[in-house]
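Okay, so here's the structure we're looking at.
The values are calculated or read from the model by the stated rules, or taken from the named source; none is laboratory data. Computed from a predicted model, the values in this text were never measured in an experiment. Quick reminder, even Gly has a Cβ in these numbers, built from the backbone with ideal geometry, and neighbours come from all protein chains shown.
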Amino acid sequence: MHEDIEKVLIDEEVIEKRLDIIADRILGEFRGSPFVVIVILKGALVFTADLLRRMPIPLEIECINVASYHGETKSSGRVDFLDAKLPLVKGRSVLLIDDILDTGRTLVAVEAKLREQGARIVKSCVLLSKDKERSAEVEADYVGFHIGNEFVVGYGLDYKGLYRNLPYVGILKEETVEASG
Ligand code: XMP
């Protein structure tokens, strides 16, 4: 475990087992009908790479950039779409992948945008869902793990751009947050 981490919440082995289950479930539900995967950068990168390698089918993968945290540990309350152009989704089925469901604003905003662009079906998948009151009523169709209302890093999730590469989900030491504060 890295010295900045207070505790590991979900270790690599547990993540891997859970990914096997989610990948099977997604493949089972789409039942061979084509879908495009849309990854919300950057947090969902690591999760998506591991999840999609468990799906041995020809998949199209697109990315979108949104920002809602701006490097802090609390949501700014605003979702900004950072790309000049969004993936073409008109008439298509979409599997939308994000790292974590927190206030729910990101998922609500991105799903609405994809529907507005003509997506036929939008299913959402998150690695983590925080058990807390959301700003809007939303839950992902596929959830890796439910966690408490705490700030986590690792396995794609960052604090000020760091720690995404850690192979587990963990909680930062208070002094690490204070020191960089
Ligand atoms: P909302 O509030 O829109 O948030 O559901 C989704 C986005 O906020 C970021 N987020 C976190 N990032 N540790 C992080 O590193 C966290 O505990 C955390 N909670 C929310 C994340 O980018 C997510 O996509």
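Before moving on, here are some points about what is shown:
- Every pair of residues 6+ apart whose Cβ atoms lie under 6 Å, when the first sits in region 79-93 and is in contact (Cβ under 8 Å) with a residue 60 or more places away in the chain while the second is assigned to a loop (DSSP other than H, G, I, E, B): 93/35; 93/120
- Count of residues meeting criterion [modelled with pLDDT of 95 or more and basic (Lys, Arg)] in region 149-181: 1
- Annotation: residue 97 fulfils all but one of (1) within 9 Å of the ligand (Cβ to nearest atom); (2) of a type in the set (A, V, I, L, M, F, W, C); (3) surrounded by 24 or more Cβ atoms within 10 Å (Cβ to Cβ); the unmet one is (1).
- Residue, surrounded by the fewest Cβ atoms within 10 Å (Cβ to Cβ), within region 156-181, restricted to residues that are more than 10 Å from the ligand (Cβ to nearest atom) and closer than 16 Å to residue 11 by Cα: 165
- Qualifying positions in region 83-100 - aliphatic (A, V, I, L, M), touching a Leu at 6+ places or on another chain (Cβ under 9 Å) and outside any strand (DSSP E or B): 86, 89
- Verdict on residue 114 being more than 13 Å from the ligand (Cβ to nearest atom) and among the aliphatic types (A, V, I, L, M): yes
- Filtered residue count, region 131-150, keeping only those that are assigned to a strand (DSSP E or B) and either touching a His at 6+ places or on another chain (Cβ under 8 Å) or surrounded by fewer than 15 Cβ atoms within 10 Å (Cβ to Cβ) (or both): 1
- Number of residues in region 2-50 that are hydrophobic (A, V, I, L, M, F, W, C) and not in a helix (DSSP H, G or I) equals 12.
- The residues of region 118-139 that are more than 10 Å from the ligand (Cβ to nearest atom) and modelled with pLDDT of 95 or more, listed by number, are 118, 119, 120, 121, 122, 123, 124, 125.
- Tally, over region 59-79, of residues that are assigned to a strand (DSSP E or B) and modelled with pLDDT under 90: 1
- Residues of region 114-125 classified as without any contact (Cβ under 8 Å) to a residue 40 or more places away in the chain and either under 17 Å from the mean Cα position of the chain (by Cα) or buried (at least 21 other Cβ atoms within 10 Å of the Cβ) (or both), total: 3
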